[in-house]
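In what follows, a structure is listed as structure tokens, so that the remarks can point back to it.
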Amino acid sequence: MAATTAASGTGSPGGLIADPAGTRPLPGRVDAVTVLSAFVLVLTVVPARFVVGPLGAAGTPAGIMAVLCLGWYLSSMITARTTPLRGPQPVRSVMVLFACSILAAYAAAMGRNLPGLEANGADRGLILMLGWIGVALLAADGIPDLERLEAVRRRLVAGGGLIAAVGAFQFFTGVDLAGYLAFPGLTTSTSYTSVLQREEFNRPMATATHPIEFGVVMAMLLPLALHGAVRAGKGRRFRGWLPVALIMIVLPMTVSRSAMLGMVVVGLVVLPVWPAMWRVWAVLVVGLLSVALRAVVPGLIGTLTGLVSSIGSDSSTTTRTDDWAVIGEAVAPRPWFGQGFGTYLPQTYRILDNQYLLSLVETGIAGLAVLLVVLVSGWALARKARKASADPETRHLAQCFAASMAVAVASYATFDAFSFPMAASLTFLCLGCCGALWRMTRPAS
């Protein structure tokens, strides 16, 4: 991995200084990448059902750590020596817009007679917003160079490979491994099994909160795993391809259209930049995997094919299309700033399996526009980083992060992503990594 970075990109948040080369923290020190790595570990390993009791759904360990990331980031601005602000960073502007849209929706919510549950939801939404912003900013400004960004990517893929293995085990055995876990000081916010069923197949979710979320997270991590695999040197190829294999195997096991859509998006974004021979091998591997799954799990491929062919007629699809019929009534009273982020509760209203529609209701037209800016900006920054770099490995990494953001853009139309902590947090972490890549490849002015 080329380690060339713009001179403006070597700041290390928190007053914790990197070594002279700017690639690793000094012994005994902790840098932003170390904090983000711990966040990735907590996000993937600790099931989202576990919370700090008094905080409710906002009190997941990953959510708390995300807010601490914001505290880490802001505290680093105390002195000029430790500030992470080294030149332009579009992610900062995007996060300010995002915060303003959520705060405007919160103000709109407080201007009406808000039921207690909705008021709690609005407060919880503010906490979630702070955490997502903290993760995005810490990654965008705190990752000092390409080597440390590669460390974040590796740890994301390692966490994804681990929960993919857990998901595959759940699919074949029906055993809820997450149900056997216990963490001191944490309680379970809900009582549910992490193995659901569809068409008599177990639908695993590992440490996520739903098979759809699990499938989308796997699809977002797939391009990052592919980068490590195709760029692995001799002696590291097995370690590089293992998480790819685990993710590719478990994706269809979620029996989720969102997961399949994510796989298609990854192919559409990544395959065009691969050499022709790589594309041929990719098609062959996907074909062989389909044949193997058909042999090992009879009926699974047929079920997935049926899910695709029945779009528009099955209950899952009609429920989503019915959302459009009621959305006008929900938006009409407060069209610009919505009724408040986190206030459209399923137990009070209905489940909206579309984050764009849910954002339209909760944060209004302004909030929906900002959400689109947030998601598209990640794609745009990664693509700009690819165009600005002459290093093939950096260009490939940028395209893979662009693919992860493209999966988010597509999948947010198929489920209410902000209601699922793992998928939402991963989106903002990837956005921050795209911003870091843009900064590292930006020509020094």
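Filter the stretch 432-445 down to the residues that are of a type outside the set (S, T, Y) and not in a helix (DSSP H, G or I), then identify the one that is modelled with the highest pLDDT.
Filtering first and then ranking leaves R442.
Suppose we keep only residues that are of a type in the set (A, V, I, L, M, F, W, C) and at pLDDT below 95 within the stretch 71-107. Which one would you say is farthest from R334 (Cα to Cα)?
Step one: list which residues in the stretch 71-107 are of a type in the set (A, V, I, L, M, F, W, C), which gives 72, 74, 77-78, 80, 85, 91, 94-100, 102-105, 107.
Now restrict to residues that are at pLDDT below 95: 72, 74, 77-78, 80, 85.
Numbers: W72: 36, L74: 33, M77: 37, I78: 40, A80: 43, L85: 37 Å.
Within the stretch 71-107, the match that is farthest from R334 (Cα to Cα) is A80.
Can you tell which of T394, T343, T414 is in contact with a helix residue (DSSP H, G or I) (Cβ under 8 Å, 6 or more places away or on another chain) and in a helix (DSSP H, G or I)?
Details: T343 fails: in a helix (DSSP H, G or I); T414 fails: in a helix (DSSP H, G or I).
On inspection, the qualifying residue turns out to be T394.
Sort through T348, T343 and tell me the only one that's surrounded by fewer than 16 Cβ atoms within 10 Å (Cβ to Cβ), over 20 Å from L226 (Cα atoms) and touching a Leu at 6+ places or on another chain (Cβ under 9 Å). Explain how you work it out, then say what you get.
Values: T343 fails: surrounded by fewer than 16 Cβ atoms within 10 Å (Cβ to Cβ).
Answer to the check: T348.
Hey, R294 hits all of (1) open to solvent by 50 Å² or more (accessible area, probe 1.4 Å); (2) under 30 Å from L146 (Cβ atoms) but one; which does it fall short on?
Unmet for R294, out of (1) open to solvent by 50 Å² or more (accessible area, probe 1.4 Å); (2) under 30 Å from L146 (Cβ atoms): (2).
Just give me the residues in the stretch 157-172 being open to solvent by 30 Å² or more (accessible area, probe 1.4 Å) and either within 15 Å of A208 (Cβ to Cβ) or in contact with a strand residue (DSSP E or B) (Cβ under 8 Å, 6 or more places away or on another chain) (or both), in sequence order.
The answer is L162, A165, V166, F169, F172.
Going through the stretch 33-54 one residue at a time, which ones are closer than 16 Å to G125 by Cα and free of Cβ contacts under 8 Å to residues at least 40 places away in the same chain?
Within the stretch 33-54, just P54 meets the criteria.
Which of the residues that make up the stretch 258-270 are farther than 17 Å from W241 by Cα and either surrounded by fewer than 13 Cβ atoms within 10 Å (Cβ to Cβ) or of a type in the set (A, V, I, L, M, F, W, C) (or both)?
Matches in the stretch 258-270: A259, M260, L261, V264, V265, L268, V269.
Select from the stretch 40-54 the residues that are closer than 14 Å to T209 by Cα and assigned to a loop (DSSP other than H, G, I, E, B) and write down the one among them that is farthest from the chain's Cα centre (by Cα).
R49
Quick one: would you say L222 is touching a Cys at 6+ places or on another chain (Cβ under 7 Å), under 28 Å from F415 (Cβ atoms) and modelled with pLDDT of 95 or more?
For L222, the condition - touching a Cys at 6+ places or on another chain (Cβ under 7 Å), under 28 Å from F415 (Cβ atoms) and modelled with pLDDT of 95 or more - is not met.
Among the residues of the stretch 39-67, how many are over 13 Å from S425 (Cβ atoms) and at pLDDT 90 or above?
Total satisfying the criteria: 1.
Can you tell me which residue among R92, R86 is assigned to a loop (DSSP other than H, G, I, E, B) and surrounded by 13 or more Cβ atoms within 10 Å (Cβ to Cβ)?
Testing whether each residue is assigned to a loop (DSSP other than H, G, I, E, B) and surrounded by 13 or more Cβ atoms within 10 Å (Cβ to Cβ) leaves just R86.
If you take the residues of the stretch 274-285 that are without any contact (Cβ under 8 Å) to a residue 12 or more places away in the chain, in a helix (DSSP H, G or I) and of a type outside the set (A, V, I, L, M), which of them is surrounded by the most Cβ atoms within 10 Å (Cβ to Cβ)?
Out of the qualifying residues, it is R279.
Given P252, P211, P223, P243, which one is more than 22 Å from G174 (Cα to Cα) and in contact (Cβ under 8 Å) with a residue 40 or more places away in the chain?
Answer to the selection: P223.
So which of L368, L381, L429 is among the aliphatic types (A, V, I, L, M), without any contact (Cβ under 8 Å) to a residue 60 or more places away in the chain and either part of a helix (DSSP H, G or I) or in contact with a strand residue (DSSP E or B) (Cβ under 7 Å, 6 or more places away or on another chain) (or both)? Step through it out loud before you land on a result.
On the way: L381 fails: without any contact (Cβ under 8 Å) to a residue 60 or more places away in the chain; L429 fails: without any contact (Cβ under 8 Å) to a residue 60 or more places away in the chain.
Just a single option satisfies the conditions, and that option is L368.
Residue pairs, Cβ under 6 Å, 6 or more apart or interchain, first in the stretch 150-164 and more than 16 Å from A62 (Cβ to Cβ) and of a type in the set (A, V, I, L, M, F, W, C), second part of a helix (DSSP H, G or I) and modelled with pLDDT of 95 or more. List them.
V157/L224; V157/A225; V157/G228; V157/P243; A164/L246; A164/I247; A164/V250
Check L288 against each of (1) in a helix (DSSP H, G or I); (2) surrounded by 11 or more Cβ atoms within 10 Å (Cβ to Cβ); (3) more than 26 Å from the chain's Cα centre (by Cα) and name the one condition it does not meet.
Failed condition: (2).
The values are calculated or read from the model by the stated rules, or taken from the named source; none is laboratory data. Everything quoted here is computed from the prediction, not taken from an experiment. FYI the Cβ positions are ideal-geometry reconstructions off the backbone, even for glycines, and counts take in every protein chain you see. In case anyone asks, the SASA skips ligands and DNA or RNA and just uses the protein heavy atoms, side chains included. Shrake-Rupley method; radii C 1.70, N 1.55, O 1.52, S 1.80 Å.
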